[in-house]
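Data first, discussion second: the structure below is written as structure tokens.
The values are calculated or read from the model by the stated rules, or taken from the named source; none is laboratory data. Only a predicted model underlies this, so the values are computations on that prediction, with no experimental measurement involved. Backbone-built Cβ (ideal geometry, glycine too); neighbour counts: all protein chains shown.
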């Protein structure tokens, strides 16, 4: 990975649409972070390592909560994104689409606005800030909303509809490549009763998130992002959590109010979706082994 200026047309292969963005290397940031904040980051990393394999959602929410506390954000989003293999050549998002969403403090209006934004992405009409971020795919980057917004954008309808309407005055967007087919997008948001984010806030968030590659890999397996051949159902997610914790199928069935036969059918479907043939192979994925090619 090359730090510094990133060519925002790396995915498109076409003429440059925007000037390159300056992205700071988080490995150089520790000296800029107050010692007490650095200690909080290290404590958070330790806390995340203490969650069990079946506590993917709990650990994800813990990270979002602590990020908000660290940076003074009011809310946070976790968006799992996948790259579609057969998208049109002129797709403004280069095949990237949102796959899963977790909002730290959701309400009906936030859900509705985000669902509308996702629908626009699905039909090939994303906002320009989303397009700019998609053009950077493949590089770890943490950017202020103002870095992604062209001149006049904050006075336009996109900002009013997707940010101001749900009390999002300013945002930090972190994009973390998980593999060639998957990225995680984390958004931190401040309301209109708060000051905008500073570069110091950005550096703190970037430093905190850069050291968690193992955590994103485990979340990817738990969510099926970039690995599973099809989405997991809510029941399959519960069964998967039990499998990753080493719980027997009989006890998983009892916990979910199912017969052992029904649970075993869920287990077989989970194995097919992940391209594995045993619980040990599934755990190997969670521990970081690359999935075997599907044929």
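Below are the figures for this structure:
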{"quantity": "Filtered residues of region 223-234 (kept if outside any loop (DSSP other than H, G, I, E, B) and surrounded by fewer than 22 Cβ atoms within 10 Å (Cβ to Cβ))", "calculated": "234"}
{"quantity": "Verdict on residue 255 being over 29 Å from residue 137 (Cβ atoms) and either touching a strand residue (DSSP E or B) at 6+ places or on another chain (Cβ under 6 Å) or not assigned by TED's automatic domain parsing to the domain that holds residue 69 (or both)", "calculated": "yes"}
{"quantity": "Count - residues of region 235-258 that are in contact with a helix residue (DSSP H, G or I) (Cβ under 6 Å, 6 or more places away or on another chain) and in a loop (DSSP other than H, G, I, E, B)", "calculated": "1"}
{"quantity": "Residue within region 112-133 that is assigned by TED's automatic domain parsing to the domain that holds residue 90 and under 30 Å from residue 49 (Cα atoms) present", "calculated": "yes"}
{"quantity": "Residue within region 269-276 that is in a helix (DSSP H, G or I), at pLDDT 85 or above and surrounded by 18 or more Cβ atoms within 10 Å (Cβ to Cβ) present", "calculated": "yes"}
{"quantity": "Single condition residue 197 does not satisfy, out of (1) in contact (Cβ under 8 Å) with a residue 12 or more places away in the chain; (2) assigned to a helix (DSSP H, G or I); (3) buried (at least 17 other Cβ atoms within 10 Å of the Cβ)", "calculated": "(2)"}
{"quantity": "Residue in region 171-182 that is in contact (Cβ under 8 Å) with a residue 60 or more places away in the chain, more than 19 Å from residue 109 (Cα to Cα) and more than 16 Å from the chain's Cα centre (by Cα) present", "calculated": "no"}
{"quantity": "Subset of region 127-159 [surrounded by fewer than 12 Cβ atoms within 10 Å (Cβ to Cβ) and under 19 Å from residue 192 (Cβ atoms)]", "calculated": "155, 157"}
{"quantity": "Output for region 154-179, where each listed residue is part of a loop (DSSP other than H, G, I, E, B) and in contact with a strand residue (DSSP E or B) (Cβ under 6 Å, 6 or more places away or on another chain)", "calculated": "168, 169"}
{"quantity": "Extreme residue, surrounded by the most Cβ atoms within 10 Å (Cβ to Cβ), among residues of region 46-72 that are farther than 29 Å from residue 239 by Cβ, in contact (Cβ under 8 Å) with a residue 60 or more places away in the chain and in contact with a helix residue (DSSP H, G or I) (Cβ under 9 Å, 6 or more places away or on another chain)", "calculated": "67"}
{"quantity": "Residue in region 55-65 that is at pLDDT below 95, part of a helix (DSSP H, G or I) and on the phi < 0 side of the Ramachandran plot present", "calculated": "yes"}
{"quantity": "Check on residue 205, surrounded by 20 or more Cβ atoms within 10 Å (Cβ to Cβ), touching a helix residue (DSSP H, G or I) at 6+ places or on another chain (Cβ under 6 Å) and under 24 Å from residue 99 (Cβ atoms)", "calculated": "yes"}
{"quantity": "Any hit, region 113-126, residues being touching a strand residue (DSSP E or B) at 6+ places or on another chain (Cβ under 8 Å) and surrounded by fewer than 13 Cβ atoms within 10 Å (Cβ to Cβ)", "calculated": "yes"}
{"quantity": "Condition met for residue 38 (at pLDDT 90 or above, touching a helix residue (DSSP H, G or I) at 6+ places or on another chain (Cβ under 8 Å) and either under 30 Å from residue 286 (Cβ atoms) or not assigned by TED's automatic domain parsing to the domain that holds residue 172 (or both))", "calculated": "yes"}
{"quantity": "Segments classed as helices (runs of 4 or more DSSP H), wholly inside region 73-153, with at least 2 members that are touching a helix residue (DSSP H, G or I) at 6+ places or on another chain (Cβ under 9 Å), farther than 27 Å from residue 58 by Cα and at pLDDT 95 or above", "calculated": "128-134, 145-148"}
